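The values are calculated or read from the model by the stated rules, or taken from the named source; none is laboratory data. Quick caveat, the model's predicted, so the values are computed rather than measured. Heads up, the Cβs are rebuilt from the backbone with ideal geometry, glycines too, and the neighbour counts pull from every protein chain shown.
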Amino acid sequence: MIGLTGGIGSGKTTVAKFIEECGFPVYYSDDRAKDIVNDNEDLKLKIKELLGNEAYDENGFYNRKFVAEKVFNNKDLLQSLNGIIHPAVRIDFEDWVKKQKKYLVFKETALLFELKLNLQCYRSVLVTAEDNFRIKRVMDRDGKTYREVQAVMEKQMPEKDKIKLADCVIYNNTNLEDLKEQTEKIIFDIE
Ligand code: ATP
């Protein structure tokens, strides 16, 4: 298993798509977590117990905005929420990985180093880019303001710490062709 990570707007999902184009399967932890909070009834109950019934809307869907606001400046609550969601994602990943036939699989997650998941990986790959590129790309992609993106970045592990921990680093400061080339080179080196 190869861990693939990067902060907000670094380009890790774009790299993950290139990896899939090269024929290797990618597990998208953050996307799966979004599905799991809606599909897993046991998890739903636990989240409601922690955050209140408003954590789900009248149609039973996870109320992302409510939850984000509730945990944004409350470290303990965020930790408790993660303590519910992360084990469920881990079980889901284990089920997924059993079904894969390739000798290399990739796990994309924003929190590879924060959760020490890199210790379970054969190699870790970090995608990084200069702050201004990341902010501009997320503003264009999500319609967020400069300040909103910066606020998320400030809460994430500093890039210099991630660079120290990573086995391989992709610098996404130019264009998509260069990003693809760097991705292919890393796959080639790992293989
Ligand atoms: P998040 O953690 O916020 O989901 P991410 O790390 O998965 O972000 P991507 O979604 O891959 O980042 O990239 C952010 C945006 O920037 C996307 O719209 C993507 O198409 C664009 N992008 C990424 N790399 C480049 C690049 N080198 N040149 C131009 N656009 C890029």
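Only one residue in Lys107, Lys102, Lys46 is among the basic types (Lys, Arg) and touching a Pro at 6+ places or on another chain (Cβ under 7 Å), so which one is that?
On the way: Lys107 fails: touching a Pro at 6+ places or on another chain (Cβ under 7 Å); Lys46 fails: touching a Pro at 6+ places or on another chain (Cβ under 7 Å).
It is Lys102.
Can you tell me which residue is surrounded by the most Cβ atoms within 10 Å (Cβ to Cβ) among those in the stretch 87-98 that are in contact (Cβ under 8 Å) with a residue 40 or more places away in the chain and under 17 Å from Lys34 (Cα atoms)?
Here the answer is Val89.
So for the stretch 100-112 (the condition being touching a helix residue (DSSP H, G or I) at 6+ places or on another chain (Cβ under 9 Å), within 14 Å of the ligand (Cβ to nearest atom) and free of Cβ contacts under 8 Å to residues at least 40 places away in the same chain), does at least one residue qualify?
No, the conditions are met nowhere in the stretch 100-112.
Please enumerate the residues belonging to the stretch 34-79 that are crowded, with 17+ Cβ neighbours inside 10 Å and either under 19 Å from Ala110 (Cα atoms) or of a type in the set (Phe, Trp, Tyr) (or both).
Of everything in the stretch 34-79, those that are crowded, with 17+ Cβ neighbours inside 10 Å and either under 19 Å from Ala110 (Cα atoms) or of a type in the set (Phe, Trp, Tyr) (or both) turn out to be Ile36, Val37, Tyr56, Tyr62, Val67, Val71.
Can you name the residue in the stretch 161-184 that is within 18 Å of the chain's Cα centre (by Cα) and surrounded by fewer than 14 Cβ atoms within 10 Å (Cβ to Cβ) and is also farthest from the ligand (Cβ to nearest atom) among such residues?
Asp161
Just to be sure before I move on: is Arg141 surrounded by fewer than 16 Cβ atoms within 10 Å (Cβ to Cβ), under 26 Å from Lys75 (Cα atoms) and more than 13 Å from the chain's Cα centre (by Cα) in the structure I sent?
Numbers: surrounded by fewer than 16 Cβ atoms within 10 Å (Cβ to Cβ): yes; under 26 Å from Lys75 (Cα atoms): no; more than 13 Å from the chain's Cα centre (by Cα): yes.
No, not satisfied.
Does the stretch 113-129 include one or more residues that are over 25 Å from Glu20 (Cβ atoms), surrounded by fewer than 16 Cβ atoms within 10 Å (Cβ to Cβ) and in the same structural domain as Lys44 (by TED's automatic domain parsing)?
no
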